[in-house]
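Inspection log for the structure reproduced underneath, given as structure tokens.
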Amino acid sequence: MYNRILASLTLLALTTTTGLAADRSLGVKDIYFGNLHAHTAVSDGTGTPAEAFAYARDVAKLDFMALTEHNHLLAGEHATPEQRKAIYTGPVNSALIPTSDRFTTPGKFVAIYGQEFSSISKGNHVNVYDVTAPILPTDVPNGDFAGLLKWMAANPDSSGAPAIMQLNHPGLGMRPGTMLNKNTYGRDDFGDDTGWLKSMTPVTQLLELLNGEPPKGILGKRSSQIAEEYYRAFLQLGFRVAPTGNQDNHKPDWGDLTETRTGIIAPELTRPAILAAMRARHVYATEDVNLRLIVRVNGQLAGDVIPSRVPLGAVKVEFEIADADEPYARYDIDVFGGTIGGPEATIVKSIKHEGSTAPDKPAAIDGLSLEKNGQFLFLRFTQRAGDQPDRAWTAPVWLEIK
């Protein structure tokens, strides 16, 4: 029974993220900035959902924000299932889903509801977005990732598709120098690593590369958690994920705790469009509040899988970049290349670029190729315009030889 559920969930997830047609209509104007990880007093933060969304919209000036309350702490650690459901679904206007609906105004602000599942000691946290029922501990015990996948298969998001999953703050709770603990994201729940990867990789779209409050003594409002090495490691394992830049707010600073942002490339600022872009991995992580990036490989947006019957050989890599505050910034651009199951991704090409690109005139990076099944490329941009560089990481583009 579980294998049939997993196969169904996997098929739905894959059909929404592979074989995407190249969309040349999307450009740097179609990028929205926000935060996909925040809390209120509904779990272990402060304030109300209404206060959080209003602050994100009016003070932090975000385009979108997700409230992702801890599922096992909803309405208090010892709350009944009925109390947990009420705090999430209502019917009171202060509950998470009706509040997010009330604060969503197409074209102006998108409020997203989600849940943070598990705890550090039970395998780390994941965010699950836009599911219309709470993940009750009585249904899915804390840390039971196999149970979570069963639950997700039976509880799709508001569009009827499998819910989007993000691996939160990888590296927290890890022994120094290690990439995986025994139970990392449910690693011990599926029999062996083969079963774990087969189960988790198809249903995971995002990985939190940037997170946390600013470290003390560091210039600027930077994230304290920078998980680039984990991003590369999980790509090598076979997770097809895009990097996000979030804040994990627990105080009344929803959206401006740091200058970290998640950039999402979408045709419009609506909840369905933002969620669809998240599912398609048209997402990047940035340390600059308004650094706009578009990367394409053979016309496919970063985040896409390129299906092919043969190795592609040389590929056309293009990028568009814009920063209204720093239009003449200099950029160091590193291209990382790797292969699922092979060595960890390394820099295969580095170039320098000056200033924003002209509208509809992308810059090119030559000398890159995709030759092997599971091979991927992603880019890291380092912007140099002030006292401290700002970095941004794109999603990969993968080659899938059929």
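Among the residues of segment 230-240, those identified as out of contact with any Pro (no Cβ under 9 Å at 6 or more places or on another chain) and on the phi < 0 side of the Ramachandran plot are 232, 237, 239.
If you go through segment 189-231, how many residues are in contact (Cβ under 8 Å) with a residue 24 or more places away in the chain and surrounded by 17 or more Cβ atoms within 10 Å (Cβ to Cβ)? Summing the residues that are in contact (Cβ under 8 Å) with a residue 24 or more places away in the chain and surrounded by 17 or more Cβ atoms within 10 Å (Cβ to Cβ) in segment 189-231 gives 24.
Of all the numbered requirements in (1) under 19 Å from the mean Cα position of the chain (by Cα); (2) farther than 23 Å from residue 203 by Cβ; (3) of a type outside the set (Asp, Glu), residue 79 misses one, and that requirement is (1).
Do you know which of the residues in segment 256-275 that are among the polar types (S, T, N, Q) and surrounded by 20 or more Cβ atoms within 10 Å (Cβ to Cβ) is nearest to residue 97 (Cα to Cα)? Walk me through how you get there before you give the answer.
Taking segment 256-275 and keeping what is among the polar types (S, T, N, Q), we get 258, 260, 262, 270.
Narrowing further to those that are surrounded by 20 or more Cβ atoms within 10 Å (Cβ to Cβ): 258, 260, 262.
Details: 258: 26, 260: 26, 262: 22 Å.
Only one residue tops the list, namely 262.
Note on segment 58-148: no enclosed strands (runs of 3 or more DSSP E) hold 3 or more residues that are without any contact (Cβ under 8 Å) to a residue 24 or more places away in the chain, farther than 27 Å from residue 256 by Cβ and among the β-branched types (Val, Ile, Thr). Within segment 360-390, the set of residues being more than 25 Å from the chain's Cα centre (by Cα) and among the polar types (S, T, N, Q) comprises just one member, 369.
Every residue, every condition in (1) surrounded by 19 or more Cβ atoms within 10 Å (Cβ to Cβ); (2) of a type in the set (A, V, I, L, M, F, W, C); (3) closer than 30 Å to residue 49 by Cβ, yes or no:
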| residue | (1), (2), (3) |
| --- | --- |
| 245 | yes, no, yes |
| 277 | yes, yes, yes |
| 288 | yes, no, yes |
| 293 | yes, yes, no |
| 308 | no, no, no |
| 318 | no, no, no |
| 321 | yes, yes, no |
| 331 | yes, no, no |
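Scanning segment 241-300 for residues that are of a type outside the set (S, T, N, Q), part of a strand (DSSP E or B) and either on the phi > 0 side of the Ramachandran plot or touching an Asp or Glu at 6+ places or on another chain (Cβ under 9 Å) (or both) turns up 243, 245, 261, 264, 265, 285, 292, 293, 294, 295, 296, 297. Counting only residues that are out of contact with any Lys or Arg (no Cβ under 8 Å at 6 or more places or on another chain) and modelled with pLDDT of 95 or more, which one in segment 158-181 is nearest to residue 230 (Cα to Cα)? Looking at residues that are out of contact with any Lys or Arg (no Cβ under 8 Å at 6 or more places or on another chain) and modelled with pLDDT of 95 or more, I get 170. Being of a type in the set (A, V, I, L, M), in contact with an Asp or Glu (Cβ under 8 Å, 6 or more places away or on another chain) and part of a loop (DSSP other than H, G, I, E, B) is the filter here; which residues of segment 345-402 pass it? Result: 385, single match.
A quick yes/no check of all residues on (1) part of a helix (DSSP H, G or I); (2) more than 15 Å from the chain's Cα centre (by Cα); (3) under 16 Å from residue 120 (Cβ atoms); (4) of a type in the set (Asp, Glu):
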residue: 181; (1), (2), (3), (4): no, yes, yes, no
residue: 188; (1), (2), (3), (4): no, yes, yes, yes
residue: 191; (1), (2), (3), (4): no, yes, no, no
residue: 194; (1), (2), (3), (4): yes, yes, no, no
residue: 198; (1), (2), (3), (4): yes, yes, no, no
residue: 201; (1), (2), (3), (4): yes, no, no, no
residue: 207; (1), (2), (3), (4): no, no, no, no
residue: 223; (1), (2), (3), (4): no, yes, no, no
residue: 235; (1), (2), (3), (4): yes, no, no, no
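The values are calculated or read from the model by the stated rules, or taken from the named source; none is laboratory data. A quick note: this is a predicted structure, and the numbers were derived from the prediction, not measured. Every residue, glycine among them, receives a Cβ derived from its backbone with ideal geometry; neighbour counts consider all protein chains shown.
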